[in-house]
1. Students sometimes get this wrong: rank LEU63, LEU12 by accessible area, probe 1.4 Å, all chains present, largest first.
2. Taking a ≥ b ≥ c as the square roots of the eigenvalues of the Cα gyration tensor of the stretch 60-139, is the shape rounded (a/c under 1.5), prolate (a/b larger than b/c) or oblate?
3. Given H placed on each backbone N at 1.01 Å, which residues far from ASN129 in sequence or on other chains put an amide H within less than 5 Å of it?
4. List the longest stretch of the chain that has no exposed loop site; here a site is one of the trypsin sites (Lys or Arg not before Pro) assigned by DSSP to anything other than H, G, I, E or B, with at most 15 other Cβ within 10 Å.
5. Please label the shape of the chain as rounded, prolate or oblate, based on the square roots a ≥ b ≥ c of the eigenvalues of the alpha-carbon gyration tensor (a/c under 1.5 means rounded; beyond that, a/b larger than b/c means prolate, else oblate).
6. Of THR70, THR117, THR35, which is the most mobile in a GNM of the chain whose springs link Cα atoms less than 10 angstrom apart?
7. Long-range amide H contacts for ASN89: which residues qualify at under 5 Å (H placed 1.01 Å from N, peptide plane, sequence gap of 5 or more or a different chain)?
8. Along the charge dipole of the stretch 1-92, which of LEU4, ILE30, LEU51 sits closest to the positive end, that is, farthest toward it, with unit charges on the beta carbon of Lys, Arg, Asp and Glu (+1, +1, -1, -1)?
Amino acid sequence: MLLLKKRVFFLLMIIIVLLFSSIIILSPYIYRKLTLSYTYCNSYGQVDSILGWELKKNASSCLKFQNYITREIYFDTKIYTNDLGFRSNDNQEAKIADIAIIGDSWVFGYGANYEETVPYHLSKLTKKNVYNLGIPNYSAAQ
């Protein structure tokens, strides 16, 4: 009986140590997930064997970045791509471009609605049709 009590005690101590260790190790990740969390409505990208990934054609999605603890929303954007797979202000048929801007997240307007992107403002200033060829998470390698 004494041997059984020692084994149960030893087993409980191991479980407690593992539980507390897990909590200590995982707490920063859980805290970060609660304070800085992305939410997507739908995927607006697809796998590409050469580039890694590309934007889908005629996709519509949303992207929200928020703090779940304080309920603060850092941005909440709508994302649309046209029939060529470029970012646009809605799922419209692409017109012939006068200007094309190539780039990464900055050109794409990651975290911004289309009306807040550089290509949109350039099209308003020049009164020309501007393609937004920006793709988030791209680098010079792609």
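The values are calculated or read from the model by the stated rules, or taken from the named source; none is laboratory data. No experiment lies behind these values; they were computed from the predicted model shown. With ideal geometry, Cβ positions are generated from the backbone for all residues, glycine too; neighbour counts draw on all protein chains shown. Areas reflect the complete protein model, heavy atoms only, side chains present, ligands, DNA and RNA absent. Shrake-Rupley method; radii C 1.70, N 1.55, O 1.52, S 1.80 Å.
1. Numbers: LEU63 0, LEU12 95 Å².
My answer, sorted largest first, is LEU12, LEU63.
2. Details: a/c = 2.11, a/b = 2.02, b/c = 1.05.
Prolate shape, in that a/c is at least 1.5 and a/b is the bigger ratio.
3. Correct list: ASP98, ILE99.
4. Numbers: sites that count: LYS56, LYS57, ARG71, LYS95, LYS127, LYS128.
It works out to 1-55.
5. Numbers: a/c = 4.11, a/b = 3.01, b/c = 1.37.
The shape class here is prolate.
6. Result: THR70 has the largest fluctuation of those listed.
7. When sequence neighbours closer than 5 places are left aside, there are no close amide H contacts.
8. LEU4
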